[in-house]
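K.L.:
Have a look at this one before I ask anything.
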Ligand SMILES: C[S@@+](CC[C@H](N)C(=O)[O-])C[C@H]1O[C@@H](n2cnc3c(N)ncnc32)[C@H](O)[C@@H]1O
């Protein structure tokens, strides 16, 4: 959290008075942060029944709503009918989408004309390095293997995680083909402060890079089409 959250927050940009959607919100804690720190309203969505069971503690936060749903069913969710958002965040979840291009396109369609979509994902180099260590593959070869891969969670090694392994170009092409424009990109680095505060995290990042964050907005012709209702 010393590295990821500050970068995710920076790339979310100004959210004061805005309507925010957090897709793949997990515990709902980041959605709650936006709700308690100036957002007009926040809707968090996550596919996991396990996380949904933990959301009761957020009930006291009046401008925060949490709902169960998945990338694949966004268009069917009642909470999203006739809704558009100023800010959509999708943190460390998009790699689980079964259809990356379709999901980014669905998220783009939920943006208001001046809206921002911020996406953070595990850095694709991380998995090239990890697959190199596990399978003995060379990093270039490992990086090009985009099919779903199962690996132990770094935080809970007895838990196996499995998802697609998009490359940087796969994320960028999903962004551009959804009619979005990349406004900023951040790959948080290991600072001296981090080395002192959390040497284990710094060592982990020295080995696996960390995350990459994309900040996007709608290309102007798409903004115009939304304004015109076409
Ligand atoms: C690593 S967690 C990130 C949680 C949160 N965004 C954060 O940054 O702390 C990944 C989240 O993606 C969710 N997820 C996985 N597959 C999903 C899907 N198909 N649709 C929506 N969320 C999904 C998981 O339930 C989990 O909460």
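K.L.:
Return yes or no: is residue 4 within 27 Å of residue 166 (Cβ to Cβ), surrounded by 15 or more Cβ atoms within 10 Å (Cβ to Cβ) and at pLDDT 95 or above? If you could, list the steps in order and put the result at the bottom.
P.N.:
Numbers: within 27 Å of residue 166 (Cβ to Cβ): yes; surrounded by 15 or more Cβ atoms within 10 Å (Cβ to Cβ): yes; at pLDDT 95 or above: yes.
Judged against the criteria, residue 4 is a match.
K.L.:
Can you tell which of 73, 103 is out of contact with any helix residue (DSSP H, G or I) (no Cβ under 9 Å at 6 or more places or on another chain) and within 11 Å of the ligand (Cβ to nearest atom)?
P.N.:
Numbers: 103 fails: out of contact with any helix residue (DSSP H, G or I) (no Cβ under 9 Å at 6 or more places or on another chain).
Within the list 73, 103, the selection yields 73.
K.L.:
Something else: Just for the stretch 4-25: of the residues that are in contact (Cβ under 8 Å) with a residue 40 or more places away in the chain, in a helix (DSSP H, G or I) and within 11 Å of the ligand (Cβ to nearest atom), which one is farthest from residue 87 (Cα to Cα)?
P.N.:
4
K.L.:
Under 6 Å between Cβ atoms, which residue pairs at least 6 apart in sequence (or on different chains) link something in the stretch 156-185 that is more than 24 Å from residue 116 (Cα to Cα) with a partner that is part of a loop (DSSP other than H, G, I, E, B) and more than 16 Å from the ligand (Cβ to nearest atom)?
P.N.:
165/146
K.L.:
Follow-up. Taking the stated definitions as given, is residue 90 crowded, with 23+ Cβ neighbours inside 10 Å, under 18 Å from the mean Cα position of the chain (by Cα), near the ligand (Cβ under 9 Å from one of its atoms) and assigned to a loop (DSSP other than H, G, I, E, B)? Break it down stepwise before answering.
P.N.:
Details: crowded, with 23+ Cβ neighbours inside 10 Å: yes; under 18 Å from the mean Cα position of the chain (by Cα): yes; near the ligand (Cβ under 9 Å from one of its atoms): yes; assigned to a loop (DSSP other than H, G, I, E, B): no.
So residue 90 does not fit the description; no.
K.L.:
Which one of these is more than 16 Å from the ligand (Cβ to nearest atom) and either modelled with pLDDT under 95 or within 24 Å of residue 4 (Cα to Cα) (or both): 133, 65? I'd like the intermediate steps shown before the answer.
P.N.:
Numbers: 65 fails: more than 16 Å from the ligand (Cβ to nearest atom).
Exactly one of 133, 65 is more than 16 Å from the ligand (Cβ to nearest atom) and either modelled with pLDDT under 95 or within 24 Å of residue 4 (Cα to Cα) (or both), namely 133.
K.L.:
So residue 61 passes all but one of these: (1) without any contact (Cβ under 8 Å) to a residue 12 or more places away in the chain; (2) over 19 Å from residue 215 (Cα atoms); (3) in a loop (DSSP other than H, G, I, E, B). Which condition number does it fail?
P.N.:
(1)
K.L.:
For residues in the stretch 141-155 being in a helix (DSSP H, G or I) and touching a residue at least 12 places away in the same chain (Cβ under 8 Å), which is farthest from residue 113 (Cα to Cα)?
P.N.:
Within the stretch 141-155, the match that is farthest from residue 113 (Cα to Cα) is 142.
K.L.:
Taking the conditions exactly as written (surrounded by 15 or more Cβ atoms within 10 Å (Cβ to Cβ) and part of a strand (DSSP E or B)), does residue 107 satisfy them or not? Steps first, answer last, please.
P.N.:
Numbers: surrounded by 15 or more Cβ atoms within 10 Å (Cβ to Cβ): yes; part of a strand (DSSP E or B): no.
Answer is no for this residue.
K.L.:
Right, something else. Just one of the numbered conditions (1) within 28 Å of residue 208 (Cα to Cα); (2) touching a strand residue (DSSP E or B) at 6+ places or on another chain (Cβ under 6 Å) is not true of residue 126; which one?
P.N.:
Here residue 126 clears every test but (2).
K.L.:
Out of the stretch 35-60, which residues are buried (at least 16 other Cβ atoms within 10 Å of the Cβ), more than 15 Å from the chain's Cα centre (by Cα) and closer than 18 Å to residue 85 by Cβ?
P.N.:
Once the filter is applied, which keeps residues that are buried (at least 16 other Cβ atoms within 10 Å of the Cβ), more than 15 Å from the chain's Cα centre (by Cα) and closer than 18 Å to residue 85 by Cβ, the stretch 35-60 yields 35, 39, 41, 42.
K.L.:
Hey, among the residues in the stretch 181-230 that are surrounded by 18 or more Cβ atoms within 10 Å (Cβ to Cβ) and part of a strand (DSSP E or B), which one's modelled with the lowest pLDDT?
P.N.:
Residue satisfying both the conditions and the ranking: 218.
K.L.:
Taking only the stretch 26-48 into account, find how many residues are within 8 Å of the ligand (Cβ to nearest atom) and either more than 18 Å from residue 155 (Cβ to Cβ) or assigned to a helix (DSSP H, G or I) (or both). Steps first, answer last, please.
P.N.:
If we filter the stretch 26-48 for residues that are within 8 Å of the ligand (Cβ to nearest atom), which is where we start, we get 26-27, 29-30, 45-48.
Narrowing further to those that are either more than 18 Å from residue 155 (Cβ to Cβ) or assigned to a helix (DSSP H, G or I) (or both): 29-30, 45, 47.
Within the stretch 26-48, residues that are within 8 Å of the ligand (Cβ to nearest atom) and either more than 18 Å from residue 155 (Cβ to Cβ) or assigned to a helix (DSSP H, G or I) (or both) number 4.
The values are calculated or read from the model by the stated rules, or taken from the named source; none is laboratory data. This structure is a prediction, so every number in the text was calculated from the model and none was measured. Backbone-built Cβ (ideal geometry, glycine too); neighbour counts: all protein chains shown.
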